[in-house]
Protein chains: 2
Amino acid sequence: MLSTNQLGENAKEASKALIRLSTDQKNKALQLAADYLTSQADFIIQANARDMDAAEANQVTGALLDRLRLDASRIEGMATGLREVALLDDPVGEALSMKNRPNGLQIAQVRVPLGVVGIIYESRPNVTADAFALCLKTGNAVILRGGKEAIHSNKAIVHVIQQALKEAGIPDAAIQLVEDTSRDSAVAMMKMNQYLDVLIPRGGAGLIQTVVANSQVPVLETGVGNCHTFIDEFADPQKAIPIAVNAKTHRPGVCNAMETLLVHQSVAEAMLPEIGEAMKKYKVEIRGDKTVTSLIKDALPATEEDWRTEYLDMILAVKVVGSLQEAIDHIAEYGTKHSEAIVTENYSNAQRFLHEVDAAAVYVNASTRFTDGYEFGFGAEIGISTQKLHARGPMGLKELTSTKYVVYGNGQIRG
Amino acid sequence: MLSTNQLGENAKEASKALIRLSTDQKNKALQLAADYLTSQADFIIQANARDMDAAEANQVTGALLDRLRLDASRIEGMATGLREVALLDDPVGEALSMKNRPNGLQIAQVRVPLGVVGIIYESRPNVTADAFALCLKTGNAVILRGGKEAIHSNKAIVHVIQQALKEAGIPDAAIQLVEDTSRDSAVAMMKMNQYLDVLIPRGGAGLIQTVVANSQVPVLETGVGNCHTFIDEFADPQKAIPIAVNAKTHRPGVCNAMETLLVHQSVAEAMLPEIGEAMKKYKVEIRGDKTVTSLIKDALPATEEDWRTEYLDMILAVKVVGSLQEAIDHIAEYGTKHSEAIVTENYSNAQRFLHEVDAAAVYVNASTRFTDGYEFGFGAEIGISTQKLHARGPMGLKELTSTKYVVYGNGQIRG
């Protein structure tokens, strides 16, 4: 088993080769890796069976167990993902600007690979293939540190992809797995400034906070989402109610789901009972302030803690506010700067909300569920950033690049 | 004296007001602050005298003492700086993209202020006014933590600017100074994730490394520069020699000055003696390998340490290399990814160097001294980033912004 520093050294070497690859070479390697995943599906499924056995022995059941399971169809899904990334535009080499200076210097700002990307994740084994595809497409080497529960599946997936890379004539250290899944290896990665250009934590709030607090490597923080929808006094109920229901119930376990609904007092009486009925169909538990509990049957009283909670479940906090300002203030106090929506027909209120609410994505008259790389048209997603540096919101291929200034001279010296 | 957390709280409140200011309001405030600096120059000079007295009592002399000195002309220079920033385009509100999605959602990516910027600096007191101007223009509140040696000057400058802000109807917490110049206050700032959106260290390598290693707040790392110039076998001596001399001698104490000259062996004999003569006129001490010491009179032998050293002085390491590849490898091994130049008339060699050398700025046939926000046409500079996330190379106004996605819907829900 290689040490994390040896993995770092290998990745750095590989990244020097990756920077020289043409887009065609990268795409062919992605297609080849997809073919290998399909043809070696049985090998991966056998490895996955060991993880599944261990999970069942540890009493893991239900959705958690299902997330871990790989079958032929899910492996084909991974392969399709690789082929889709091959079809996307390559951002590397794109010039963001090109200027002539008065002294004749030509200065271009050009997208380049970041170099070596580290990812610490707790997610399903398909993340292993997805992350590789996005990193290879952008000319980055990737070091993956997945969870203990998926270690055999991850080793098999990485092994299969490395075979494809070898056949494609690309250094197989373009993808490497940290096989030590102890806390030590995660800590070691956080100190690998020398090798890692960025570290991306993907998983629960605990993992993300640990990485943000302890990493010496620059971090791309992915998202905790305590998202709000504000139904303004000028909201159209025909839009407001479906948007609120969709934002809460479409997929409650993800970061762009709504957690708190804010309703202007002047429409509370007209809309809350209907909202309560609509949510009831999805078995949503409602926790609200006094007005809410008086207007929605079965609603429980909310506590201060409810305004802060990302339930990731069929639970919704509901609060009646006296004004747009109160809604904006509530979001500033309790939000996590992920996705925030207003439902209104009033132009000035919409503009004010969009301008003053500080979040990665701000919406008028749409569900917060759209904060997603695919929905935004990026064709891929490595995560959703809730930080303000480098990338904010859904991160696709461009967010896995840096830039360099390329300066063309003909003998200029500074006077 | 307010605690750093109180300063953070104030800055956060101020940033909410700053986000609402029009470009006109910000520009008027900058002009007013410039007028105040001019009209209250005597007050600032008196405060500066206390710093100068303390420095002299501490045996500070020469360039260091001169850096600290403020007189009417230098204060006028600060005021001019503020007026120049007022004339620059405001990046806030600029849309980087605007797309219609198939479902009718309109998605714009728009520049927004970062929020609250923290700057830890050791530099001259004029940085206080410069940093304020760039932050106000981009709608950011700034918390400044300058050095002990300039504390009275910094307090006076901040006080004068705050008076101007009050007159302009802008919260004076848009600029705040950390008056505690102990190590404690710097450490406290590194933990202020709750209030600071970014922390920028400006100063020596020791300060920058401490902040990078310890900050929980995202850092914009500014630059240590171990910069190289490579004279290729196909270099035009008429360009190569002036470029090398300029890169070394024009201002040796700054990060974009050349520290090591690499010369292809096939032109060493023809060019090194002349380079030695040219450098001698500027009293440059040369440290080189055996070929260098045999071709340049008075050249000292270089050690491994010389290839790693950012001299920031009239000292130059010189190495003869056998190939372009050797030059690229040397730069990869010893460079700090700041500014790297090749001098050549050969197209393919130029392209290869520009493509394969990993640095914030790569040059062909020009002096590395051009890596500078003003020279690049940004009209301003908050520092030069040598990291790969968020900003790389000279940072102007745009680098002090983040983005948000603004999504215009008409009732869309996710299916």
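Classify the protein assembly as shown as rounded, prolate or oblate, taking a ≥ b ≥ c as the square roots of the eigenvalues of its Cα gyration tensor: rounded when a/c is under 1.5, otherwise prolate if a/b is larger than b/c and oblate if not. The shape class here is oblate. The Cβ shell under 10 Å around residue B:276 holds other residues with a net charge of -1, Lys and Arg each +1, Asp and Glu each -1.
For the range A:316-412, the calculated P(r) over all alpha carbon pairs, in 5 Å bins from 0 to the bin holding the longest distance, is 2, 11, 18, 19, 14, 11, 8, 5, 4, 3, 2, 1, 0, 0 percent. Computed over chain B with a Gaussian network model linking Cα atoms closer than 10 Å, the most mobile of B:64, B:87, B:261 is B:64.
What the phi angles of the range B:91-106 give under the Karplus curve with 6.51, -1.76 and 1.60, with θ = phi - 60°, is a coupling list of x, 5, x, 5, 8, 7, 7, 8, 10, 9, 8, x, 7, x, 5, 9 Hz, glycine and proline written as x. Structure remark: mean-square fluctuation, Gaussian network model of chain B, C-alpha springs under 10 Å; the largest value among B:206, B:146, B:93 belongs to B:206. Sorted from greatest to least, the principal axis extents spanned by the alpha carbons of the range B:227-370 come out as 36, 30, 27 Å.
Thinking of the range B:144-257 as a set of Cα atoms, what percent of all their pairs are more than 16 Å apart?
Working: 4613 of 6441 pairs.
Considering the range B:144-257, 72 percent of its Cα-Cα pairs are separated by more than 16 Å.
Among residues of chain B, the one whose Cβ lies closest to the rotation axis carrying chain B onto chain A, together with that distance rounded to whole Å, is B:390, 2. According to the Cα-based calculation, Rg over Rh for chain A is 1.03, with Rh computed by the Kirkwood formula.
Take each residue of peptide B:217-226, count the partner chain Cβ atoms within 10 Å of its Cβ, and average: the result is 2. In order along the range B:225-231, the Karplus-derived 3J(HN,Hα) couplings, from 6.51 cos²θ - 1.76 cosθ + 1.60 at θ = phi - 60°, round to x, 9, 8, 10, 10, 10, 8 Hz, and Gly and Pro are given as x. Between copies, residue B:6 shows label-point distances of 5.6 nm, shortest first, with the point placed 7 angstrom from Cα along Cα to C-beta. Each stretch of four or more DSSP H residues adds -39500 (n - 2.57); spread over every residue of chain A, this sum gives -13500 deg cm²/dmol at 222 nm. Amide H to amide H distances under 5 Å link residue B:302 with B:288, B:289, where only residues 5 or more positions off or on other chains count and H is placed in the peptide plane.
Counting Cβ atoms of other protein chains within 10 Å of each residue's Cβ and taking the mean over peptide B:103-112 gives 4. Inter-copy label distances for residue B:348: 6.8 nm (label point placed 7 Å from Cα along Cα→Cβ; shortest first).
Thinking of the range A:135-196 as a set of Cα atoms, what percent of all their pairs are more than 12 Å apart? Walk me through the intermediate numbers first.
Values: 1321 of 1891 pairs.
Roughly 70 percent, rounded to a whole number.
Top mean-square fluctuation among B:73, B:15, B:97, Gaussian network model of chain B, C-alpha springs under 10 Å? Of B:73, B:15, B:97, the most mobile in the Gaussian network model is B:97.
Relative to its residue count, the range A:210-253 spans a Cα convex hull of 104 Å³ per residue. Against chain A, whose longest principal axis comes from its Cα atoms, helix A:205-214 is set at around 50 degrees. Note on the range A:227-370: Lys pairs 8 or more places apart or on different chains, Cα atoms under 20 Å apart, count 19. Reported to the nearest whole Å, the Cα centre-to-centre distance from the range B:329-385 to the range B:200-270 is 9.
Summary for residue B:332: label point 7 Å along Cα→Cβ; distances to the equivalent points in the other copies, ascending, 5.0 nm.
For the range A:238-250, the Karplus equation 6.51 cos²θ - 1.76 cosθ + 1.60, evaluated at θ = phi - 60°, returns couplings of 5, 8, 4, 5, x, 5, 4, 5, 4, 4, 7, 9, 4 Hz by residue, with Gly and Pro reported as x. Normalised radius of gyration (Cα atoms, divided by 2.2 N^0.38 Å) for the range B:107-146: 1.36. Shielding by partners for peptide A:369-382, expressed as the average number of C-beta atoms from other protein chains within 10 Å of each residue's C-beta, is 3. Kirkwood radius and radius of gyration were both taken over the C-alpha atoms of the range A:12-121, and their ratio Rg/Rh is 1.18.
Annotation for the range A:33-70 versus the range A:137-199: alpha-carbon center distance of 18 Å.
Bear in mind these aren't lab numbers, they're just calculated from the coordinates by the rules spelled out. Just so it is clear, the model here is predicted, and its values are computed rather than measured. Every residue, glycine as well, gets a Cβ built from its backbone with ideal geometry; the counts of neighbours run over all protein chains shown.
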